[in-house]
Amino acid sequence: MSNKVVIQGLYKTYEKNTVQSADKHVLVDLNFTVPTRSFTCFLGPSGCGKSTLLRIIAGFDNPSRGAVLVDGEPVCGPNPKHIFVFQEDGLFPWFTAHENIELGIRHLKDAQKRHELVLEYLEMVGLSGFGAYYPHELSGGMRRRAEVARALIANPDILFMDEPFGALDFVTRLQMREEMLNVHAMFPTTILFITHDIDEAIQLADQIVLFTERPTRIKEVLALDYPHPRDFTKGELAAIRRHIYRLMGVHAAL
Amino acid sequence: MRANGLKKWFEERWSAFLLSFLILVLWETAVHVFEIKPERFPGVFQILKGLWELIQDGRLLDYVVASLFRVTWGYLLAVGLAVPLGIFLGVKPFWRRTINPIVQFLRPISPLAWTPIALMWLGIGDYPAIFLIFLAVFFPMVLFTTSGVAGINPTYLYAASNFGIAGHELYSRVILQAALPEIITGLRITLGTAWLVIVAAEMIAVKSGLGYLIVDARNSLRMDQVLGGMFVIGLIGLLLDNVVRQLEKLPSIRWKRLKQ
Amino acid sequence: MGHIKANSPSPMNMKKLTIGQRIFLGVLLWIIFISGLHSWRNGELFASNVLRVGFVPITCHLLCPVTYELNKDIPFKPIKFTAWPEMCEALKSGELDMAFILAPLAIMLNAQGFPIKLVMLGHRNGTGLMVRKDAENADLNWLEHKTIAIPIRFSNQYLTLLDLLDEAHIPESSIKLVEMPPPDMPSSLAMGAVDAYIVGEPYAAAGELNGAGQILYLMKDIRPGFISSVLVVREDVLKKRKKDLQRLIQAFYKNGAWIEAHRKEAAAIGAAFYRLPNALIEHVLLSQPDRVLYNDLLPRKQEIEAMAASMQKRGLLKGNFDVNAFLDTSMIPEVSR
């Protein structure tokens, strides 16, 4: 399987300004690959630059040094085939859910076809009938789902997700995890997913990239070739879980 | 469904109506009890009679139309120029830094201070009044729009670029929309200002309009028509404000208020 | 995944307008509506060529409404003003062809180089010095240390007041002068905000009738022939439209005699036109025979020169003033002296 994304020698540094005396190194010497169609999780402590890295890969920001290659080509800006799902406020609040999702296929000329496709995706994420609602009229979970629908309808080959379930309550988060697995099964996309929830990463990922605190390096890259649904309370998965907890500095794994 | 809406409307307002009615009753009673002469301070019925006179000889309609006409043109011209300029300044920091201080300087100068210049350049009549309204609305609207655009959540812009939204579409479907709540707040506030200014401007520069009515009635020693005019002014101001408030209630605008 | 039925958006219809488009359309319709309405109710649909005459609603300008009413065959457009500076602006900018204006203001405009000619007077007398009702045995000396309202310093009311004070040896510094719009004077006197005021009719009478004040002097008694307002014409209008002007001015002049013979009717015409109470204007015209006089409207050179000299004395006029270049009484039917 080829690599969808290749990161080589990536550095991200913020230049020193008058207040600070030294340059701020956020990302230091990152090297890893993301296999095509894999579900890769970025795991690490808060503020360690996972978002920054994801944004660089998505084309919103530039690395200070190093190469970011997608499909063998360097990234030179945002790409409608590489959709980013934001932590918050990703949906445009002045559009209805329907209108937001339609953005993913707005170059489609046939209005009727667009309309039907949007309805299809609304149903797929369980928001049938809520198309005419505005984001502020929807619950947090529903907003996430609408944003995912918007992303998927564009048929992206990469899906970036920046802690998409962070603002949701516990039960909803668990439901969304299940739905992400369905999405990954149904759609041929490569998913890059940021989370700080270790259990979530273990549940979802084919590959976990563990990051240190700032200045951020890669602590370890773990491959998880296990079938779904995963039970991390026993067996190898439990061992991997304990391993990760220890690496992250938590010694009493629950 | 309609009746339900009407019922709700009334429910929200009955106490205000009641209070207003009581005040009027008190007023009329006081005028009689203290035997105040109508030239000094007219009672409610006196005022209504005075207004009726104005309605009958058509002057009230003429004046209301004149004032609304001037506000319409001054306001819409100002908004039509201020919003694009504000968007431009909101998007280009260099120009914002350059032009903003000038706008900030001109804004606090009361439009009425411009009256002598307006009269000198534009004579008497509709044009100087429209000019003064324009000034009163233009500068604040530029500031509101600029602020609305400059304060757009960057996430929206990232998402827009992600989906390849650029150029004209970016401005009309993303930037303008994101700034719209603040722009509409500005629209509401400046409309109120415009109505204030027109009345004052008409006391000085023109021969018709509600401001002129006040001055003319005073010169004709008709206090009842002065107060009647004030009442009409207040009523129309209230109506104008409500019209813009309806805009604020749209769901595609309301989101921002709920966020806060 | 839960399904709760709610409203679905209808299929995108090409003809359906968005809210934004509807608002735009609504605004457009409103503009057309209000502009049309304004044009209909307030507009002058046909650019007319009639002479435009400025006036203020005072008895000194009574010739204006009376002529407007009586001489329908001589069309002209009276334009009402409420403040003197505005009228000056309108005269200068060409919005007025002629104006009834305070004599000292006319002199000042002329001295500033603005080309106007003085052709006629408004009336004679017609000004009163009012004091508070509670002033006992008031005379000129009572005015010392008091607050006195005047309409504007460029008025014969002001000049005459200063002359009166000089005669009584009251220093100008001992009184406080306020410029005030005439309609506000009676109520100010009633409230005690001022102790006295000197102004043209009907605002002197207004103070008398509303119980606010009492008459100290009427000009008819101490300065008979007192001039307040004059009629001025722009020189360019004079050159271009001499014939029309002549007709109008002669009508004005003749109506002076008419007013004298029909005072009651004249009062009714004036009150209706000015929208002032009939009783007030009647009182001014009828209470005393010479309280206002419309029979000698010819300005004499000496009178105007004296007024200019008085202005110079009080620092209101700088530079030279040539009364011969200013006065033009050629259009008045009976020209004497």
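Every number in this text was worked out from the coordinates using simple rules, so none of it is lab data. Bear in mind that the values here come from a model prediction, so they are computed numbers and not experimental data. Note that we place each Cβ from the backbone using ideal geometry, even for glycine, and neighbour counts take in every protein chain shown.
Span-like helices, chain C: DSSP H, alpha-carbon axial extent 15 Å or more, mean Kyte-Doolittle 0.5 or greater, which ones?
For chain C, where a helix must reach 15 Å along its axis and average at least 0.5, the hits are C:19-42.
Taking only complete DSSP H runs, can you tell me which helices of chain A stretch 15 Å or more along their own long axis by Cα positions and average at least -0.5 on the Kyte-Doolittle scale?
Those that pass (Cα extent of 15 Å or more, hydropathy at least -0.5) are A:140-153, A:170-186, A:235-247.
Mark the label point 7 Å from the Cα of A:A185 along Cα→Cβ and return the residues of segment A:197-216 whose backbone N is within less than 14 Å of it.
A:204
So if R0 is 30 Å, what FRET efficiency would A:Q87 and B:L81 give, r being the distance between their Cβ atoms, rounded to the nearest 0.05?
Efficiency, rounded to the nearest 0.05: 0.20.
As an exercise, use a Förster radius of 30 Å and the Cβ-Cβ distance of C:E144 and B:V33 to find the FRET efficiency, rounded to the nearest 0.05.
Efficiency computed from Cβ-Cβ geometry: 0.15.
B:F94 versus A:R37, label points 7 Å from Cα toward the beta carbon: distance in nm?
5.0 nm
What is the distance in Å between the Cα centroid of segment A:49-80 and that of segment B:74-103?
Result: 35 Å between the Cα centres.
Distance between the C-alpha centers of segment B:141-213 and segment A:121-200? Whole Å please.
Using only Cα atoms, the two centres lie 35 Å from each other.
Quick one: among A:P229, A:P74, A:P156, which has the greatest mean-square fluctuation in a GNM of chain A with alpha-carbon springs under 10 angstrom?
Highest fluctuation among the options: A:P229.
Within straight cross-link reach of C:K176, meaning Cα distance under 20 Å, which lysines are found once same-chain residues fewer than 8 apart are removed?
Straight-line reach from C:K176, under 20 Å: C:K133, C:K146, C:K313.
So which residue, out of B:L24, B:L227, B:L77, gets the largest mean-square fluctuation from a GNM of chain B using Cα contacts under 10 Å as springs?
Among B:L24, B:L227, B:L77, the largest GNM mean-square fluctuation belongs to B:L24.
Hey, which of these cross-link pairs are over 22 Å Cα-Cα: C:K72/C:K220; A:K81/A:K109; A:K81/A:K113; C:K117/C:K220?
C:K72/C:K220; C:K117/C:K220
Taking 8 Å as the Cα distance limit and 6 or more residues as the minimum spacing, I'd like the relative contact order of chain B as a percentage.
Answer for chain B is 24 percent.
Can you tell me how much longer the chain between A:K24 and A:E116 gets when fully stretched, taken as 0.36 nm per residue apart minus their C-alpha distance, in nm with one decimal?
Net length gain for the segment: 28.2 nm.
Would you kindly state how much longer the chain becomes between C:L286 and C:E265 on full extension, computed as 0.36 nm times their sequence separation minus their alpha carbon distance, in nm to one decimal?
Taking C:L286 through C:E265 to full extension adds about 6.5 nm, to one decimal.
Test of understanding: extend the Cα→C-beta vector of C:I222 to 7 Å, then name every residue of segment C:166-188 with backbone N under 12 Å from that spot.
Answer for segment C:166-188: C:166-170.
Full-extension gain between C:E172 and C:L29, please, as 0.36 nm times their residue separation minus the C-alpha to C-alpha distance.
Length gained, C:E172 through C:L29: 45.3 nm.
If I require 27 Å or longer along the helix axis, counting alpha carbons, and a Kyte-Doolittle average no lower than 1.0, what helices from chain B are left? Use full DSSP H segments.
Passing helices, by number: B:59-91, B:126-150, B:176-202.
Where a Cα-Cα gap under 16 Å defines reach, which lysines qualify for A:K12, not counting those fewer than 8 residues away within the same chain?
In chain and number order, the partners are A:K24, A:K50.
Could you work out the relative contact order of segment A:99-254? I mean the mean sequence separation of Cα pairs under 8 Å and 6+ apart, divided by the number of residues, in percent.
Relative contact order for segment A:99-254 comes out at 16 percent.
Excluding residues on the same chain fewer than 8 positions from B:K7, give the lysines whose Cα lies under 23 Å from its Cα.
Counting by Cα, and skipping residues close in sequence, B:K7 has these lysines nearby: B:K249.
Where is the GNM fluctuation largest for chain A (alpha-carbon springs, 10 angstrom cutoff): A:F193, A:F211, A:F92?
It is A:F92.
Normalising by the residue count of chain C, find the relative contact order in percent from Cα pairs under 8 Å and 6+ residues apart.
Computed over chain C, the figure is 23 percent.
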